[in-house]
Amino acid sequence: MESLLIEIDHVAIAVHDLDAAIAWYQEVFGASVEHREDVASDGVSEAMLRVADSYIQLLTPTRADSPVAKYLEKRGEGLHHVAYRVADCAQALDAVKASGGQVIDQVPRPGSRGTTVAFVHPKASFGTLIELVQVAS
Ligand code: CO
């Protein structure tokens, strides 16, 4: 079987202070922000810093009941999720469900940058929150 995972789309890091995190990546590594977006449905503000054909996604909550706010409260700053780029988000999500794995999104939904995304529960994937990302073609 050919892998459904095409590329690491992004690695997401939850931070308290988005501007401070961006400045650190800029000053230390010379990395620059390619895209910024507030995703109201997820209650987050994100900054995407390109690394080759992938991104570091710096994430900070925009409201107290956002999942990322709860994450920061419980676990502190750090790795939040790994996003795999896939050709077909629904197909990859179905593969998880067919294996009996627990998913957070039952069907794909709109993500940032015009993508289509679905999250897989860490219980299904050895403790790491996984996002499946289909880039708009
Ligand atoms: Co993400």
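The values are calculated or read from the model by the stated rules, or taken from the named source; none is laboratory data. Here the structure is a predicted model, which means the values were calculated and not measured. All Cβ positions, even for glycine, are placed from backbone atoms using ideal geometry, and neighbour counts span all protein chains on display. These area figures cover heavy atoms from the full protein model, side chains too; ligands, DNA and RNA do not enter into them. Shrake-Rupley method; radii C 1.70, N 1.55, O 1.52, S 1.80 Å.
What is the distance in Å between the Cα centroid of region 106-137 and that of region 16-88?
Spelled out, the Cα-based centre of one part sits 15 Å from the other.
How far, in degrees from 0 to 90, does helix 18-29 lean away from the longest principal axis of the Cα atoms of the chain, to the nearest 10?
For 18-29 against the chain, the angle is about 80 degrees.
Roughly speaking, what is the stretch gain from ASP88 to ILE6, that is 0.36 nm per residue apart minus the C-alpha to C-alpha distance, in nm to one decimal?
28.5 nm
Compute, for THR116, the solvent-accessible surface of its heavy atoms (probe 1.4 Å) with the complete set of protein chains present, and express it in square angstrom to the nearest 10.
The accessible area comes out at roughly 50 Å².
Restricting to the chain, what percent of DSSP beta bridges are antiparallel, rounded to 5?
75 percent
Angle, helix 89-98 long axis vs. longest principal axis of the chain, Cα atoms, 0 to 90°, nearest 10?
That helix lies at roughly 60 degrees to the long axis.
Give the Debye-formula value of log10 I(q)/I(0) at each listed q (0.15 Å⁻¹), with one equal scatterer per alpha carbon of the chain, two decimals each.
Rounded to two decimals, the profile gives -0.73.
Tell me which of ALA31, PRO108, GLN57 sits at the most positive position along the dipole axis of the chain, charges placed on C-beta atoms (Lys, Arg +1; Asp, Glu -1).
Ranked along the dipole, the leading option is PRO108.
Multiply the residue separation of PHE126 and SER99 by 0.36 nm, subtract the distance between their alpha-carbon atoms, and state the gained length in nm to one decimal.
Values: separation 27, 0.36 × 27 = 9.72 nm, distance 1.37 nm.
This chain segment gains 8.3 nm when fully extended.
Please give every one of the lysines within straight-line cross-link reach of LYS97, meaning a C-alpha to C-alpha distance under 18 Å, and leave out same-chain neighbours fewer than 8 residues apart.
LYS123
Ignoring any ligand, DNA or RNA, what whole percent of the accessible area of region 18-82 comes from carbon and sulfur when the probe is 1.4 angstrom?
52 percent
Please list, ordered by chain and number, the residues whose modelled amide H lies under 5 Å from the amide H of GLU7; skip anything fewer than 5 residues away on the same chain.
Close amide H contacts, sequence-distant or interchain: ARG85.
How do THR115, THR62, THR128 rank by accessible surface area computed with a 1.4 Å probe, from largest to smallest?
Numbers: THR115 10, THR62 80, THR128 50 Å².
Of THR115, THR62, THR128, the descending order of accessible area is THR62, THR128, THR115.
Evaluate E = 1/(1 + (r/R0)^6) for ALA23 and ALA136, where r is the Cβ-Cβ distance and R0 equals 25 Å; express this FRET efficiency to the nearest 0.05.
In this case the efficiency is close to 0.25.
Please tell me the relative contact order of region 77-137 in percent, rounded to the nearest whole number, where contacts are Cα pairs under 8 Å and at least six residues apart.
40 percent
How large is the accessible surface per residue of the chain, computed with a 1.4 Å probe and reported in Å² as a whole number?
Values: 7590 Å² over 137 residues.
In whole numbers, the chain has 55 Å² accessible per residue.
Can you compute the charge dipole magnitude of the chain about its Cα centre, using +1 on each Lys and Arg Cβ and -1 on each Asp and Glu Cβ, nothing else charged? Give it in debye, rounded to the nearest 20.
Around 360 debye, computed over the chain.
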